[in-house]
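What follows draws every value from the coordinates through simple rules; no lab data is involved. Just so it is clear, the structure is predicted and the values come from calculations on it, not from any experiment. All Cβ positions, glycine included, derive from the backbone under ideal geometry; neighbour counts span all protein chains shown.
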Amino acid sequence: MFMILGYPAPLMFGQLLLGLINGAFYALLSLGLAVIFGMLNIVNFAHGALFMLGAFVAWGLLNFLGVNYWFALLLAPLIVGVFGVLLEKTLIARLYKLDHLYGLLLTFGLALIIEGLARNEFGSSGVPYPIPSLLQGATNLGFMFMPIYRGWVVLASAIMCLITWLIIEKTSIGATLRAATENAPLVQAFGINVPRMITLTYAGGVALAAFAGVLAAPIYSVNPNMGANFIITVFAVVVIGGMGSILGSIVTGFGLGVIEGLTKVFYPQGSSVVIFVVMVIVLLVRPAGLFGKAA
Amino acid sequence: MPDAMLEVPMLEVRGLNAWYGESHILHGVDFDVREGEVVTLLGRNGAGKTTTMKSIMGLVPRREGKIAFKGQETVNLRSDMIARAGIALCPEERGIFASLSVTENLMLPPVIAPGGLDVATIHALFPNLKERANSQGTKLSGGEQQMLAIARILRTGAKLLLLDEPTEGLAPVIVQQIGRTIREIKQRGYTVLLVEQNFRFAATVADRHYVMEHGRVVDMIPNSELSANMDKLHDYLGV
Ligand SMILES: Nc1ncnc2c1ncn2[C@@H]1O[C@H](COP(=O)(O)OP(=O)(O)OP(=O)(O)O)[C@@H](O)[C@H]1O
Ligand SMILES: [Mg+2]
C-alpha cells in the first residue's frame, strides 16, 4: 500500500478531506462571527443556533413545501437573515450603549431558547435530510474515493468565503463597512444610515451561518445540537484568527480543520483538543490572534 | 445690515447648548453664516469651537437650541440626515480611515446633491492624491491626509462645509495650499465655517470672524476691521 510518512495514504487523505470539511464549516461560521463582531462589537453566541435553524428551515422547505436543496441553499439564508433583522432591531439594538457583556448574555439566551424550542419540537435525535441527487455517489480521484457531496461542501464554502471577502475588500459597500467598523459616527455624519447598515450586517452574518447549516444538513442529521457541537470550536477559531479579521477567519477556519484532521492520523488521542492547544499557544505569542491588529 | 435681516441665513445658530455626559460645554452659542461666506470661529483651546461644529453635524450626545440650515431646523435630526440636507464636516482629527485606500477614503462620502467637484477636478487641485491613490489612507503625510479630508467632502455636493482647524500642525507651503483651496471653493459658491487658531491665516480667507470664549460667542469682527481690532483679538486669544 502507498504510504506517507509511514501512514497509509488513503487514511491520510481521508482524514485530510474530513478536516477540510470541518474547516469549511469553521470558516463559514467564524467568517459570519467576524463580520458581526467587527461592526456590532458583539460576540454572537446565537450563531450556532442560527446555523442549526438554517438546516431546519431547509428541512421544512423540503418536507412542507417541496422546495429542493438548491433553492433551499438560497432561501434558508434569506429567511434566517430576515429573522436576524428582527432579532437585531427588536433586541440587540437596545444593547449598543451598554457593556458588551450584555450582548453576550442576550445572544447566549437566544441560543438557548432557539435550541430549546427545536428540541421540544423535534427531539434530540433530529431528522434526516437527503443528499441532492446531483451530488450523490463518489468519485475516484486516483489516490482516494471522494464522496461527491463532501467535495461540494468544501467547494461551496470556499466560493462563499471568497465572495464575502471580495465584497468586503473590493467593493464600495465593503469600504463603507470597513470605515464604519473603524469610526461609525463619522461615517454616519457623511450621510450613511449606519443603524440600517448594522442591521443588514447582522443579517448577512447570520445568513452565512444558515448557508453553512444547509450545507451541513445532508452530512449530519438535522438536529437541535448540531450548532452547539460546532460553535465552541468556532469560537476558538475566531480567537486564533483574530477577533473581527475577515481573512483571518477564513484561513484559520480551513487551516485548523486540516490540522485537526491530520492530528487524527498522527496522534488520534489529541484530535479533540488540538485546536485548543493551538489557541493557547497563539494567545501566548500573539494575544490579538494570527491576523488581528493589536488593540 | 438691512439686507441680511431679510434673507434667511444659510446657517442660523441661536441659544445652542451642548453637553458631553454631565459636562455642560456650550452655553447659548449665537451666530449666522450667510450663503457664499467664509466665516471663522476663533477662540482659545477648549472654548468650544469643535463642540460647536460637532453640534451642527449632530455628533454630540446632547444638544439644545436652534440650528437652522436654509431655514430648516436640524437640532433634532440624526447626523446622516443633516449630511443629506447638505452639510459636510472635515473633522479636527481628520478622520482618515486606515483600512481604506486613498481612493476609497475619497469616494466614501456619498454624493448627496449635484454640483460637487468631480474626481478629475479634485486631482487637479490635489495632485498628491492622484499619485498616491492606492496607498493606505493613513500612510499619507499629515498634509496629504488633510487634503484628502477636505477633498472627500468637496465631492459630495454639500454646500456648507465645516472645516475644523485644517491648518493645524502643517508646514507653511501646505497651509498656503489649503488657503488657496478655501478661496477657490468660495469662488465656486460654497459656504465655509472654519475653525482656526491662526488668525493670520484666517484673515487671508474669511469674510467675518466670531470669537468664542467659555462656550459662548462673545464678539464678531468683520475681516475688514480686523487690523483695527488687533489688540482686542490678542486679548481674546491670549497670543
Ligand atoms: N468627548 C468629550 N467629553 C468630555 N468633554 C469634552 C469632550 N470633548 C471636548 N470636551 C471638553 O469640552 C470643552 C470644549 O472642547 P472643544 O474641543 O469644543 O474646544 P475647542 O475650542 O475646539 O478647543 P481646541 O482649540 O483645543 O480644539 C473642553 O473643555 C473639553 O475638555
Ligand atoms: Mg477643537
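Just a few scattered comments:
- Applying 1/(1 + (r/R0)^6) with R0 = 35 Å to the Cβ-Cβ distance of A:Glu182 and A:Met146 gives a FRET efficiency near 0.25.
- Euclidean distance of C-alpha centroids, segment A:46-69 and segment B:1-67, integer Å: 54
- Only helices enter this figure: runs of n ≥ 4 DSSP H residues, each worth -39500 (n - 2.57), summed and divided by the residues of chain A, yield -24500 deg cm²/dmol at 222 nm to the nearest 500.
- Estimated FRET transfer efficiency (B:Thr138, B:Arg183; beta-carbon r; R0 41 Å; 0.05): 0.90
- Reducing segment B:196-212 and segment A:128-169 to their Cα centroids gives an inter-centroid distance of 65 Å.
- Loop-located trypsin sites (Lys or Arg not before Pro) across segment B:157-211 with a Cβ neighbour count of 16 or fewer within 10 Å are B:Arg188, with loop assigned by DSSP.
- Spatial offset of segment A:4-43 relative to segment B:107-182 amounts to 44 Å, using the alpha carbon center of each.
- Within chain A, longest stretch free of exposed chymotrypsin sites (Phe, Trp or Tyr not before Pro) [DSSP loop, at most 12 other beta carbons within 10 Å]: A:144-295
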